[in-house]
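Asks: Take this structure, written in structure tokens, and hold onto it; I'll ask about it next.
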Amino acid sequence: MVNYTFPKEERLCSRKQIDQLYDEGNRLMAFPWSVQWMKLDNPASPRCQVLIVAPKRKFRHAVDRNRVKRLTRECYRLRKSTLYSFLDEHRLNIVFSMVYVHNEILTFDQLGHKMDKLLAALEKEIKSTL
């Protein structure tokens, strides 16, 4: 059964892990997001943790940053099942961040198509490191 939730355990909040991700992680560009990802060795951690960022430099108003993050979270929440099945199949745990790099806020449908491409590219990138 597919779980369409986005609980606290799946959100990347640890400052130590975030610093490690940006120091040692791999980079992937999947427009309109820049993705930084890293495999984890700890099998006790959640299968996948994600950090969603909308930079203040691109969006000066907090309402715009919050909208971008809300749309991104919703697109990820609805499409994460393919990534989770891939990670379960290969017994992997990852953390990744998505930084929104586009200057304009795309519609939900546009972001949905882009999210599909992002997750496919992330799977391909992870598969190449196995």
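Asks: Residues to consider are Thr72, Thr82; find the one that is hydroxyl-bearing (Ser, Thr, Tyr), under 18 Å from Ala121 (Cβ atoms) and at pLDDT 95 or above.
Replies: Working: Thr82 fails: at pLDDT 95 or above.
Being hydroxyl-bearing (Ser, Thr, Tyr), under 18 Å from Ala121 (Cβ atoms) and at pLDDT 95 or above holds for just one of Thr72, Thr82, which is Thr72.
Asks: Could you pull out the residue among Arg77, Arg57, Arg67 that is of a type outside the set (S, T, N, Q), out of contact with any Ser or Thr (no Cβ under 9 Å at 6 or more places or on another chain) and assigned to a helix (DSSP H, G or I)? Break it down into steps so the answer makes sense when it comes.
Replies: Working: Arg77 fails: out of contact with any Ser or Thr (no Cβ under 9 Å at 6 or more places or on another chain); Arg57 fails: assigned to a helix (DSSP H, G or I).
Of Arg77, Arg57, Arg67, the one residue that is of a type outside the set (S, T, N, Q), out of contact with any Ser or Thr (no Cβ under 9 Å at 6 or more places or on another chain) and assigned to a helix (DSSP H, G or I) is Arg67.
Asks: Taking the range 115-130 on its own, how many of its residues are within 17 Å of Glu74 (Cβ to Cβ), crowded, with 18+ Cβ neighbours inside 10 Å and in contact with a helix residue (DSSP H, G or I) (Cβ under 8 Å, 6 or more places away or on another chain)?
Replies: 2
So that you can scan it fast, the table gives a plain yes or no per residue for (1) aliphatic (A, V, I, L, M); (2) touching a Leu at 6+ places or on another chain (Cβ under 6 Å); (3) under 19 Å from Thr129 (Cα atoms); (4) in contact (Cβ under 8 Å) with a residue 60 or more places away in the chain:
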site: Thr5; (1), (2), (3), (4): no, no, no, yes
site: Glu24; (1), (2), (3), (4): no, no, yes, no
site: Pro32; (1), (2), (3), (4): no, no, no, yes
site: Leu51; (1), (2), (3), (4): yes, yes, no, no
site: Pro55; (1), (2), (3), (4): no, no, no, no
site: Phe59; (1), (2), (3), (4): no, no, no, no
site: Leu71; (1), (2), (3), (4): yes, yes, no, no
site: Gly112; (1), (2), (3), (4): no, no, no, no
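The values are calculated or read from the model by the stated rules, or taken from the named source; none is laboratory data. Bear in mind that the values here come from a model prediction, so they are computed numbers and not experimental data. In this analysis, Cβ positions are derived from the backbone assuming ideal geometry, glycine residues included, and neighbour counts consider all displayed protein chains.
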